[in-house]
Every structure is written in C-alpha cells, then in structure tokens.
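**Student:** Dropping the structure in here first, questions after.
The values are calculated or read from the model by the stated rules, or taken from the named source; none is laboratory data. This structure is a prediction, so every number in the text was calculated from the model and none was measured. Here the Cβ positions follow ideal geometry from the backbone for every residue, glycine too, while neighbour counts run over all protein chains shown. Each accessible area value is taken on the protein alone, full model and side chains, heavy atoms only, with ligands, DNA and RNA left out. Shrake-Rupley method; radii C 1.70, N 1.55, O 1.52, S 1.80 Å.
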Amino acid sequence: MNETIAFIGAGNMARSLIGGLIADGWNEDALWAADPDPHQRDAVSQRWTGVHATDDNAAAIAHAQVLVLAVKPQVLGEVCRSLAAQVQERHPLVVSIAAGVRGADIERWLGGHLPVVRCMPNTPALVGSGATGLAANPHVSDEQRDLAESILRAVGLAVWLDDEAQLDAVTALSGSGPAYGFLFIEALEDAAVELGLPRETARLLALQTVFGAAKLALESDEDAATLRTRVTSRGGTTEQALAQLESGGLRELMLRALTAARDRSHALADQLGRD
Ligand SMILES: NC(=O)C1=CN([C@@H]2O[C@H](COP(=O)(O)OP(=O)(O)OC[C@H]3O[C@@H](n4cnc5c(N)ncnc54)[C@H](O)[C@@H]3O)[C@@H](O)[C@H]2O)C=CC1
Ligand SMILES: O=C(O)[C@@H]1CCC=N1
C-alpha cells in the first residue's frame with residue numbers, strides 16, 4: 001500500500017515524476033494531480049487513467065500524506081498561502097521541487113513548523129533515470145526522510161545534501177542538465193548531417209553514443225578522463241576533435257553556463273523570499 005501523494009501543479013516535472021512512480025509500481029489510485037489548466041489535467045488522465053486529476057487543490061490534499069509542490073517558483077508563495085490552513089490541519093510531509101525557493105520560505109508561507117524537503121529532480125525521472133538532490137529541514141522525521149527518498153529513488157538516483165544552499169549548484173548541474181545533454185545531441189546530429197550522413201542515421205548514432213558513454217562511465221570503476229584516453233589513439237581521429245573542443249573553450253564555457261544557472265537559482269531565492 002503506497003502513501004498518497006498530492007501533486008500541486010501537473011506540468012512537465014510533475015508528470016515526469018508521476019510517470020516514473022507508476023512505471024516503478026506505485027499505485028495510480030494513490031496519486032492526485034491538481035492543476036487549474038484543463039490541458040494539463042487531460043495530459044495526466046489520458047495517460048494514467050487511475051490517477052486522480054482535479055482542479056481543486058484542497059481535494060487533492062485531503063487524503064495525502066505527501067504534498068509535492070510542483071508549480072512555477074513565481075507562483076509558489078501565493079499557492080502556499082492558499083493551502084496554509086489545510087496543511088496546518090493535516091500536517092503532511094511537504095516536498096518542493098521548485099527551483100530557487102528556500103525551504104524556510106515555503107515553511108513560512110505554509111504557516112510554520114512543518115516538515116519540508118526541498119529537492120531538485122530532473123525530467124529523465126519519467127523513464128526511471130532521474131537525478132535528484134534533496135535537503136530536509138529539522139522538522140522532517142527519519143521516517144519522512146525515508147519516505148521522501150523512496151519517492152525520488154523510485155524514479156532514479158537520489159542524493160542527500162548536508163547544506164540546502166548546495167541545491168543551487170545541483171539545479172545548475174542536474175536540474176537543468178538534461179537540456180545541456182539535448183543541446184549537445186542536437187549539435188552532434190547537425191554536425192554529422194553537415195558531414196553527409198542521413199538525418200535519421202545521424203540522430204540514432206548521436207543518441208546511442210551519448211547514452212553508451214554515460215552507461216559505460218556509470219558502470220566503470222574508471223573516471224571519465226581515463227575512459228576518454230581509451231578512445232583517444234595517439235595520432236588518431238579523436239585527438240583532432242578533442243583539440244578543437246579544448247581550444248574552443250568547452251570547459252570554460254561549461255563553467256560559465258553552470259555559474260549562470262546557479263546564480264539565477266540564488267537570485268530567485270532572494271527575490272521570492274522577500275514576499
Ligand atoms: N521542467 C524541469 O525540467 C524541472 C522543473 N523543476 C521545477 O518544477 C516546477 C514546475 O516546473 P514545470 O513542470 O517545468 O512547469 P509547468 O509550467 O510545466 O507546470 C507548472 C504547472 O503548475 C500549474 N499551476 C499554476 N498555478 C497553480 C495553482 N494555483 N495550483 C495548482 N497548479 C497550478 C500550471 O497550470 C502548470 O501546469 C518549477 O518550480 C520548476 O522550477 C524542477 C526540476 C526540473
Ligand atoms: O529551468 C528551470 O528553471 C527549471 C529548473 C531546473 C530545470 N528547469
């Protein structure tokens with residue numbers, strides 16, 4: 001028997017989590033998804049007929065042991081205040097997936113003294129390959145910590161952080177990271193088409209290559225740098241390509257990209273925390 005989870009907001013990330021949980025065997029009947037947008041509700045109920053989709057946040061929360069806050073950061077304060085009375089009465093475990101909103105602000109908006117786990121998942125959760133960083137406030141019990149972990153672990157890797165502030169960096173790395181991966185795949189594919197490969201052939205080879213590299217690195221005892229040298233024959237082809245990527249500043253560019261995302265997460269927290 002699974003705990004009942006109410007998702008407030010049924011958009012991209014909520015559906016990625018819902019799909020991952022169901023694929024892992026979570027009972028559809030134990031999942032609620034509340035969203036004012038009928039298209040978002042349809043996207044849930046057409047795909048998972050047993051999940052309760054509703055436009056009524058209060059109805060979703062009414063039986064939930066876990067509340068997953070999955071609305072945009074900019075509306076989270078207003079949404080939390082509208083839920084505060086019911087949340088104080090029921091005292092569920094609150095899990096926020098919002099980028100750049102501090103757990104302390106969420107707790108305050110909900111009326112205080114609540115167990116809040118702030119986490120940063122990513123969309124590959126939909127296929128059971130998510131990566132999530134989590135941080136708990138002092139009101140979270142050991143059982144609730146296990147519960148939050150079991151939910152995120154059902155959809156991929158889950159890693160606890162000692163310091164909530166590290167979630168800004170996690171957001172920059174794995175929260176936003178799937179988009180970097182997709183851009184990299186697009187760039188590989190387009191370059192291969194320029195070199196004369198048919199689009200579909202380029203797409204399949206690019207995807208399988210990125211997937212294969214990640215799988216090999218995950219399953220290997222060796223680090224990525226060592227695995228890279230195994231591909232790079234002296235005087236061979238890879239050496240020529242890597243020289244272009246290094247001289248083009250790929251590492252520095254990656255640092256600038258992650259820094260910009262981390263800073264945005266931090267700035268959002270400062271801005272929204274003033275509400
Ligand atoms: N998309 C991603 O890759 C990731 C997103 N996140 C976080 O997840 C949260 C949601 O992001 P997405 O799913 O991408 O956005 P989204 O726009 O797809 O979903 C948000 C949903 O909230 C609904 N909503 C608005 N007001 C509401 C209310 N009062 N009550 C209930 N629902 C309401 C909207 O109709 C919308 O369907 C954000 O805070 C984001 O920072 C976290 C990790 C990754
Ligand atoms: O772009 C965003 O703000 C959200 C958070 C991480 C991924 N998507």
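**Student:** Give me a count of the residues in segment 49-62 that are closer than 23 Å to I151 by Cα and either in contact with a Lys or Arg (Cβ under 9 Å, 6 or more places away or on another chain) or buried (at least 18 other Cβ atoms within 10 Å of the Cβ) (or both).
**Tutor:** Summing the residues that are closer than 23 Å to I151 by Cα and either in contact with a Lys or Arg (Cβ under 9 Å, 6 or more places away or on another chain) or buried (at least 18 other Cβ atoms within 10 Å of the Cβ) (or both) in segment 49-62 gives 8.
**Student:** With the requirement that a residue be within 11 Å of ligand 2 (Cβ to nearest atom), outside any loop (DSSP other than H, G, I, E, B) and open to solvent by 20 Å² or more (accessible area, probe 1.4 Å), what does segment 166-177 give you?
**Tutor:** Passing the criteria: V170, L173, S174, G175.
**Student:** Another one. All but one of (1) open to solvent by 70 Å² or more (accessible area, probe 1.4 Å); (2) closer than 22 Å to M254 by Cα; (3) within 30 Å of the chain's Cα centre (by Cα) hold for T229, so report the exception by its number.
**Tutor:** So the condition that T229 fails would be (3).
**Student:** Being assigned to a loop (DSSP other than H, G, I, E, B) and crowded, with 24+ Cβ neighbours inside 10 Å is the filter here; which residues of segment 1-16 pass it?
**Tutor:** Within segment 1-16, G9, A10 meet the criteria.
**Student:** So which residues in segment 234-275 are surrounded by 11 or more Cβ atoms within 10 Å (Cβ to Cβ), outside any helix (DSSP H, G or I) and either out of contact with any helix residue (DSSP H, G or I) (no Cβ under 6 Å at 6 or more places or on another chain) or of a type in the set (S, T, N, Q) (or both), if there are any at all?
**Tutor:** G249
**Student:** The conditions are (1) farther than 30 Å from C80 by Cβ; (2) surrounded by 11 or more Cβ atoms within 10 Å (Cβ to Cβ); (3) over 24 Å from the mean Cα position of the chain (by Cα), and A187 fails exactly one of them. Which is it?
**Tutor:** (3)
**Student:** Among (1) in a helix (DSSP H, G or I); (2) closer than 22 Å to D24 by Cβ; (3) touching a helix residue (DSSP H, G or I) at 6+ places or on another chain (Cβ under 8 Å), which single condition is I185 missing?
**Tutor:** Among (1) in a helix (DSSP H, G or I); (2) closer than 22 Å to D24 by Cβ; (3) touching a helix residue (DSSP H, G or I) at 6+ places or on another chain (Cβ under 8 Å), I185 violates only (2).
**Student:** Just checking, how many residues over segment 100-110 are within 17 Å of the chain's Cα centre (by Cα) and surrounded by fewer than 21 Cβ atoms within 10 Å (Cβ to Cβ)?
**Tutor:** Qualifying residue count for the region: 0.
**Student:** Tell me the residue from Q88, Q74, Q46, Q65 that is open to solvent by 50 Å² or more (accessible area, probe 1.4 Å) and in contact with a Pro (Cβ under 6 Å, 6 or more places away or on another chain), please.
**Tutor:** Q65
**Student:** Please go through segment 209-226 and pick out each residue that is acidic (D, E) and open to solvent by 100 Å² or more (accessible area, probe 1.4 Å).
**Tutor:** The answer is E219, D221.
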